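FYI, it's all coordinate maths here, none of it is from the lab. Remember, predicted model here, so these are calculated numbers, not experimental data. Every residue, glycine among them, receives a Cβ derived from its backbone with ideal geometry; neighbour counts consider all protein chains shown.
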């Protein structure tokens with residue numbers, strides 16, 4: 001009896017410690033975002049007021065959210081970023097899953113050699129070849145064109161690798177049976193493989209969407225004129241011009257976060273499953 | 001179909017049947033068996049070619065279908081990734097400003113690196129940043145994954161929350177950090193001043209001088225631990241519960257279960273995490289210019305990193321060959337680290 005009592009006490013202590021750690025971590029993760037939201041409706045004087053610190057000021061300055069659209073051409077930046085992100089994500093999903101199907105389920109000449117070309121570049125940082133890539137794009141006349149960013153982001157080796165790992169986990173019997181029924185490879189891909197690959201597609205969507213939406217160095221190199229800039233570039237430009245307009249900077253930051261958070265929330269239920277089944281865990 | 005052709009097909013078919021019967025009967029000699037199998041494959045191909053009567057055999061058609069699947073991605077990948085990679089290697093041995101005549105430099109670009117103070121600083125800072133960031137992020141993400149893999153209330157919320165920093169754009173989250181750690185007005189330094197009585201002139205300057213690398217490391221751990229946590233979580237879910245039950249029966253405590261079950265079972269996950277972390281750390285650029293950069297994003301010797309130098313040399317100074325030489329150093333380190341990790345992984349796996 002005494003033993004079980006001490007054991008339950010032991011368990012209780014463990015639980016308490018666990019929750020304390022969790023809450024500390026959660027606070028570390030959340031505080032910057034809470035601060036961001038709070039500062040986005042404050043005046044510059046209120047932002048750093050610590051004594052007393054108020055989360056929501058008496059007169060919330062909602063005008064920050066209006067002003068940000070007029071101080072910089074925010075609408076243009078949003079349009080460009082939305083356009084780029086959607087096109088890149090769609091292209092990435094389509095071409096990667098299409099190529100990965102062949103690598104995972106079909107036999108053909110040079111299969112291993114071609115796949116090796118993909119694998120070899122995964123460990124190669126983009127920054128190593130960004131300069132020759134820029135020179136090449138420039139000679140194609142793509143400097144300062146949104147198309148350059150699409151070409152840059154849409155055909156990653158990573159996507160093909162990830163989708164292939166996932167397809168290999170799907171039993172071959174499924175596609176064999178369909179082949180015997182007289183389905184073409186294209187039908188097998190679209191009717192059988194695609195519907196099964198929701199977790200992998202969701203995971204790839206999150207990665208591609210987040211990367212393209214948040215990319216900074218790519219647009220910095222290619223997009224020079226203001227009418228072509230993305231949110232990240234625009235926001236950075238605004239920050240260096242008006243470095244003490246804290247409320248406005250935070251309002252712009254909040255706006256830039258909303259789409260990725262929405263996409264992430266919608267797809268996250270597949271996310272861990274996707275990472276587990278695509279062999280991303282190694 | 002000509003009679004001669006029919007006869008030809010028949011003899012080939014007979015040979016094929018005989019070979020198949022032999023293989024099915026079982027061949028002791030492995031080498032012999034392999035030989036037979038390859039002969040069968042070859043016969044099958046010629047037969048199908050002869051039978052269909054067209055020059056396009058069935059295998060060739062099958063290859064074409066496969067290539068049609070790969071082409072949309074591969075063409076883009078080859079043009080925008082493979083070709084530039086080849087050029088990057090060539091460029092490192094040239095001198096070019098992007099418009100005038102190209103000059104062959106041999107190894108001169110690399111020799112110049114040895115006496116370049118700014119390059120050395122960038123090299124040193126990048127290494128220090130990686131040595132700090134890789135283990136800290138790994139430990140933090142593993143710990144978080146282990147906690148969130150248990151039955152705790154609100155697990156889903158905690159998981160989502162820890163992913164926010166990764167999802168949030170760098171421009172947005174770095175601007176918050178710069179406010180929180182603002183040297184004179186930020187709440188962190190306010191707490192140090194008011195609660196811990198740190199005198200005003202001793203208050204830390206988080207984003208300049210000696211502390212800057214530490215700030216970059218802490219920020220990176222905060223931003224990326226959620227991402228690697230998900231990878232560890234997937235790894236943890238692959239460990240069979242029976243192992244832990246067996247451990248409990250043997251009276252193992254929590255630490256022993258971690259040491260003898262969790263850690264060894266996660267070895268391949270840890271390997272993947274460390275390789276990815278290392279590659280990503282050496283690529284650091286935007287974190288540095290956003291946290292430590294001046295008004296137009298310029299970095300000093302205390303905060304410069306390799307990618308920043310590649311960018312400056314190429315797109316500001318238009319010294320393309322030299323920039324590529326720096327890029328090659330980046331590539332060589334990443335390659336070296338990856339190879340060493342692979343070798344280590346293999347050694348411990350045996």
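For segment B:54-93, the C-alpha radius of gyration divided by 2.2 N^0.38 Å, with N the number of residues, is 1.77.
Look at the Cα gyration tensor of segment A:1-142: its axes a ≥ b ≥ c give a/c of at least 1.5 with a/b at or below b/c, and that counts as oblate. For the peptide A:119-126, the mean number of other protein chain Cβ atoms found within 10 angstrom of a residue's Cβ is 6.
Taking only the alpha carbons of chain A, we obtain Rg and Dmax values of 24.5, 82 Å in that order. The relative contact order of chain B, computed from alpha carbon pairs under 8 Å that lie at least 6 residues apart in sequence, is 23 percent.
Taking chain B as a Gaussian network of alpha-carbon nodes connected by springs under 10 Å, the highest mean-square fluctuation of the residues B:123, B:158, B:272 belongs to B:158. Note on chain B: GNM, Cα springs under 10 Å; of B:189, B:100, B:125, the largest mean-square fluctuation is that of B:100. In whole angstrom, how far apart do the alpha carbon centroids of segment A:7-26 and segment B:117-179 sit? First find each Cα centre; the distance between them is then 23 Å. So what does log10 I(q)/I(0) come out to for the protein assembly as shown at q = 0.06, 0.10, 0.12 Å⁻¹, using the Debye formula with one equal point on every Cα and no solvent? Those come out to -0.41, -1.04, -1.38, one per q. Working note: Debye formula, equal point scatterers on the alpha-carbon atoms of chain B, no solvent; log10 I(q)/I(0) at q = 0.08, 0.09, 0.14, 0.15 Å⁻¹ is -0.68, -0.80, -1.20, -1.28.
Taking other C-beta atoms within 10 angstrom as a stand-in for reagent exposure, B:255, B:96, A:69 fall in the order B:255, A:69, B:96, fewest first.
If you count, for each residue, the other Cβ atoms within 10 Å and average over each peptide, how do A:74-80, B:41-47, B:223-229 line up from highest to lowest?
Working: A:74-80: 17.7, B:41-47: 14.1, B:223-229: 23.6.
Ranking the peptides A:74-80, B:41-47, B:223-229 by packing returns B:223-229, A:74-80, B:41-47.
For chain B, the longest principal axis of the alpha carbon atoms and the long axis of helix B:58-77 meet at an angle near 10°. Which of rounded, prolate, oblate describes segment B:197-273, given a ≥ b ≥ c as roots of the alpha-carbon gyration tensor eigenvalues and a/c under 1.5 marking rounded, otherwise prolate only if a/b is larger than b/c? Prolate, since a/c reaches 1.5 and a/b exceeds b/c.
Just checking the listed ones, B:85, B:217, B:40: in the Gaussian network model of chain B with Cα springs under 10 Å, the one fluctuating most is B:40.
Rounded to whole Å and sorted largest first, what semi-axes of the equivalent ellipsoid does the C-alpha gyration tensor of segment A:95-169 yield via the square root of 5 times each eigenvalue?
Each semi-axis is the square root of five times an eigenvalue, giving 28, 13, 11 Å.
Dividing the Cα radius of gyration of segment B:225-350 by 2.2 N^0.38 Å, with N the residue count, gives 1.52. Partner shielding of A:94-107 amounts to 4, given as the average count of beta-carbon atoms from other chains within 10 Å of each residue beta-carbon.
Cα centroids of segment A:129-197 and segment B:274-288: 25 Å apart. Overall shape of segment B:232-275 was characterised from the C-alpha gyration tensor. The equivalent ellipsoid obtained from it has semi-axes of 21, 11, 6 Å, in decreasing order. Contact order, relative form, for chain A: 31 percent (alpha carbon pairs under 8 Å, 6 or more residues apart, mean separation divided by residue count). Once the Cα atoms are used to define both axes, helix B:117-148 deviates from the longest principal axis of chain B by about 80 degrees. Sorting the segments B:86-95, B:339-348 by their mean number of nearby beta carbons within 10 angstrom, highest to lowest, gives B:86-95, B:339-348.
Taking a ≥ b ≥ c as the square roots of the eigenvalues of the Cα gyration tensor of segment A:196-268, is the shape rounded (a/c under 1.5), prolate (a/b larger than b/c) or oblate? Oblate shape, in that a/c is at least 1.5 and b/c is the bigger or equal ratio. Neighbouring Cβ atoms from other chains, within 10 Å of the Cβ of residues in A:29-36, number 6 on average. For chain B, the longest principal axis of the C-alpha atoms and the axis of helix B:267-282 are separated by about 60°. Take every Cα-Cα pair in segment B:256-305 and report what % of them are more than 15 Å apart. It works out to 62 percent of all Cα pairs. Computed from Cα atoms alone, the Kirkwood hydrodynamic radius reported for segment B:172-225 is 11.7 Å.
Computed over Cα pairs, the Kirkwood radius of segment A:152-210 leads via Stokes-Einstein (1.306 mPa s, 10 °C) to a diffusion coefficient of 126 µm² per second.
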